[in-house]
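Everything below concerns the one structure shown next.
The values are calculated or read from the model by the stated rules, or taken from the named source; none is laboratory data. Just so it is clear, the structure is predicted and the values come from calculations on it, not from any experiment. All Cβ positions, glycine included, derive from the backbone under ideal geometry; neighbour counts span all protein chains shown.
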Amino acid sequence: MRNRRLLVCWVCWVCWVCWVASVAQATPPTNQEMEAALTCQCSCGLTVHSCNHLQCGFAIPAKEQIAEQLEQGASREAILASFVTRYGEKVLSAPTATGFNLAAWVTPFLVVLIGAVSIGLIARRWTKNRSSIQAASPPTTSAPADPYQERLKKELETFES
């Protein structure tokens, strides 16, 4: 029963993500959205939209090109492709999720997940071993009295009286 609920929730989530993606592609991009998708090449490290250089040699012409292409009705992908062909993939503010870039995005999360599972399994094994050792050991009887303990008790009794 629980697995069925989990499956239904997962299917609903996948459908919702697909719907959101289709709606996002159906709306035309805005200037701000396209400017934020490109990294300024003037070495400021900001996006074209947020570049704070007054006479930037890259951001100002890029904003004009984006506005022209949007007026002509170009899609988001077409605008990004035109900049990628001219400047290379480094112009994108977020790398594409293909090839090596996909591996670079997935690998850290995968390593953390594998590490967490490994730690959990090791901790489980350690606690299982500890409980089996405690169960296997016979209950301890009262240990034989240590002669030094007995002598200490006697001396304390005589000291206190």
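Only one of ALA116, ALA62 is assigned to a helix (DSSP H, G or I), more than 28 Å from CYS40 (Cβ to Cβ) and at pLDDT 90 or above; which? Going through ALA116, ALA62 in turn, just one is assigned to a helix (DSSP H, G or I), more than 28 Å from CYS40 (Cβ to Cβ) and at pLDDT 90 or above: ALA116. In region 53-79, the residue that is nearest to LYS90 (Cα to Cα) out of those that are touching a Cys at 6+ places or on another chain (Cβ under 7 Å) and exposed (fewer than 15 other Cβ atoms within 10 Å of the Cβ) is GLY57. Residue check: is THR98 farther than 16 Å from MET34 by Cβ and modelled with pLDDT under 90? The answer is yes for THR98. With respect to ALA67, is the statement that it is touching a helix residue (DSSP H, G or I) at 6+ places or on another chain (Cβ under 7 Å), over 18 Å from VAL48 (Cα atoms) and either modelled with pLDDT of 90 or more or in a loop (DSSP other than H, G, I, E, B) (or both) true? Spelling it out, it is not the case that ALA67 is touching a helix residue (DSSP H, G or I) at 6+ places or on another chain (Cβ under 7 Å), over 18 Å from VAL48 (Cα atoms) and either modelled with pLDDT of 90 or more or in a loop (DSSP other than H, G, I, E, B) (or both). Confirm whether THR141 is at pLDDT below 85, of a type outside the set (Lys, Arg), more than 30 Å from GLU35 (Cα to Cα) and loosely packed, with under 10 Cβ neighbours inside 10 Å. Criteria met by THR141.
Of the residues that make up region 2-18, is at least one at pLDDT 75 or above and touching a helix residue (DSSP H, G or I) at 6+ places or on another chain (Cβ under 7 Å)? Within region 2-18, none of the residues are at pLDDT 75 or above and touching a helix residue (DSSP H, G or I) at 6+ places or on another chain (Cβ under 7 Å). Only residues that are assigned to a loop (DSSP other than H, G, I, E, B) and surrounded by 11 or more Cβ atoms within 10 Å (Cβ to Cβ) were counted across region 80-93, and they come to 1.
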